[in-house]
Amino acid sequence: MAMINNGLSGLQAAQTALNTMSQNVANVNVPGYSRQEVQLSARQSGFGVMGGSGVQVTGLRRVADEFLTAQLWRAESEAGQRRQVSDYLGQMETVLGSEDSSLLPGLTSFFAALNGAAEAPQSTAPRQQIIASAKALAQRFNHLGSQLDAQERRVLDQLDATSSQANNLLTQVAELNEKIKEVGAKGGNAGILEDTRDEALRQLSGLVDIRSSRQADGTINVSLEQGQPLVLGNQAAQISRNDTLISVGFSGQDYPLGGGAGGSLGGLMLHREQQLQPAREELDTMAEVFAKNINRQLAQGVDLSGQSGAPLFAFTAGDAAGSLKVPDELTPEQLALSGSTNAGPGNNDNLQTLLGLQDDSYEQYRGMVGQLAITSAQWQADAAASDNIRTEAQARRDGVSGVNLDEEAMNMMNYVQNYQANAKVIGTADQLFNTLLNMI
């Protein structure tokens, strides 16, 4: 009977192992799945030559390395943030630097029109050309302002979408914590639930930079790098936006978030706070300074009627780029191109001074675009590097926890042979038992 019991325990152990191998193979392409291993131990029932009673399955082990998993989450967060910022900077660079929307062609046309009026400043046609080119330049300022405003709206919309996605994942992690706790309390295997939770946390780490701590009951508490709680047991925080302020709400308390939150959510806030808004403000300043310089110089000259020059540009304070325009009531005759009331009709002294403003206007915009190009290139390089780091972190995690089909095939062959050998033991024991019966 001992041989039969030993063989039967071996059959059962081999069957459990084969079931586990088949589970691993079936889930080879499931994101976040961690392979499982059967844990075996010899049964001890007595002493001496009859001291063993086969083998037993003591449990199923989920093969996972918490350190490698945490490294993957960090890499996901870095990649999410840098890719988010890089994409938006690329869009800004395209808008500000393209021939169709850049200020440089508009500035060139405007100063070319001024230069074209130098020979006959009293003529109406070149004056009309100055007004037309000024309107075109104002429209370019307006277009750039509206493009940056539109990008800010897209950033805010994406912040809402990203916050909603993060909230769904936080709720999912909290629910999985509760299920894992219940299964663990009953002595069950929560490996699949833990895989699902780790995959949810991996996705969450791409949205915000998270820190985790495993509890004795199998649950995981999650927080942001700055310490704001995200998940405690079966309770989940909610991320929300109030106008332009992002905060984490947990147990009735709100914790503000900034660009240091990491992940794509932090990247969106960082881009808006440190790049998009400063660029919009710089464009407003550029439009205001340019308009004031032109208007100030025109005010020092006289028009064809001998009156002080009227302003060429008008704008609204605080939104100079978006509101810049040429007043509708301005006529070509009101352009103060002459520097003196006593000068003849061909005097262009004030016009020459206006032309002297050209270099400063170019340099301001070129400096802005050049700095943006440098910043964008650096973020693109960082994004590519962080993508490589994330790929390597995923490979290291999969090297430990992932399913290797070659390894599983070898294990399966081994357990099939083990199963057949134990079946042979049972068959041999049955023959011996029948021989004993026949001898009686």
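The values are calculated or read from the model by the stated rules, or taken from the named source; none is laboratory data. Note that the structure is predicted; figures quoted are calculated from it, not measured. With ideal geometry, Cβ positions are generated from the backbone for all residues, glycine too; neighbour counts draw on all protein chains shown. Just the protein is used for accessible areas: all its heavy atoms, side chains included, with ligands, DNA and RNA removed. Shrake-Rupley method; radii C 1.70, N 1.55, O 1.52, S 1.80 Å.
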Fill in: Protein-only accessible surface order, largest first, of L268, L193, L60 at 1.4 Å
L60, L193, L268
Worksheet item: Using bins 5 angstrom wide from zero, how does P(r) for the stretch 3-48 break down, in % of all Cα pairs?
Response: 5, 18, 21, 17, 13, 10, 8, 5, 3, 1
Worksheet item: What residue among N242, N347, N19 has the largest mean-square fluctuation in a Gaussian network model of the chain, using Cα springs under 10 Å?
Response: N242
Discussion item. Positive end of the dipole of the chain, charges at C-beta (+1 Lys, Arg; -1 Asp, Glu), about the Cα centre: which of N293, P126, G427 has its Cα farthest in that direction?
Written reply: G427
Discussion item. How big is the dipole moment of the stretch 74-157 about its Cα centre under a simple scheme where the beta carbon of each Lys and Arg is +1, that of each Asp and Glu is -1, and everything else is neutral? Debye, nearest 20, please.
Written reply: 180
Discussion item. With a 1.4 Å probe and all protein chains left in place, how much of the accessible area of the stretch 346-417 comes from carbon and sulfur atoms, in whole percent?
Written reply: 52
Worksheet item: Seen from all sides and averaged, what is the projected area of the convex hull of the Cα atoms in the stretch 234-330, in nm²?
Response: 9.2
Item to complete: Evaluate the distance, in nm, between pseudo-label points positioned 7 Å from the Cα of T353 and of V28 along their respective Cα→Cβ axes.
Response: 8.2
Worksheet item: Hey, any idea what % of the stretch 102-170's accessible area is carbon plus sulfur with a 1.4 Å probe?
Response: 46
Practice prompt. Considering the options N388, V369, A314, tell which one lies farthest towards the positive end of the dipole of the chain, charges being +1 on Lys and Arg and -1 on Asp and Glu at the Cβ, about the Cα centre.
Written response: N388
Worksheet item: Rounded to a whole number, what is D in µm²/s for the chain from Stokes-Einstein with the Kirkwood radius over alpha-carbon pairs (25 °C, 0.890 mPa s)?
Response: 88
Discussion item. Ignoring everything except DSSP H segments at least 4 long, calculate the 222 nm mean residue ellipticity for the chain; use -39,500 (n - 2.57) per segment, divide by total residues, nearest 500.
Written reply: -21500 deg cm²/dmol
Practice prompt. Skip the ligands, DNA and RNA, and give the accessible area per residue of the stretch 266-360 with a 1.4 Å probe, whole Å².
Written response: 45
Worksheet entry | Cα pair distances in the stretch 273-395, grouped into 5 Å bins until the bin that holds the longest one, percent each | 2, 10, 14, 15, 13, 11, 8, 7, 5, 4, 3, 3, 2, 2, 1, 0, 0
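How big is the dipole moment of the stretch 1-149 about its Cα centre under a simple scheme where the beta carbon of each Lys and Arg is +1, that of each Asp and Glu is -1, and everything else is neutral? Debye, nearest 20, please.
For the stretch 1-149, the charge dipole is close to 460 debye.
Just how large is the dipole of the chain about the Cα centre, in debye to the nearest 20, putting +1 at every Lys and Arg Cβ and -1 at every Asp and Glu Cβ? All intermediate terms of the calculation are to be shown ahead of the outcome.
Numbers: 30 positive and 48 negative charges, 299 e Å.
Its charge dipole is roughly 1440 debye.
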Worksheet item: Largest first, how would M3, M269, M410 line up by accessible area (1.4 Å probe)?
Response: M410, M3, M269
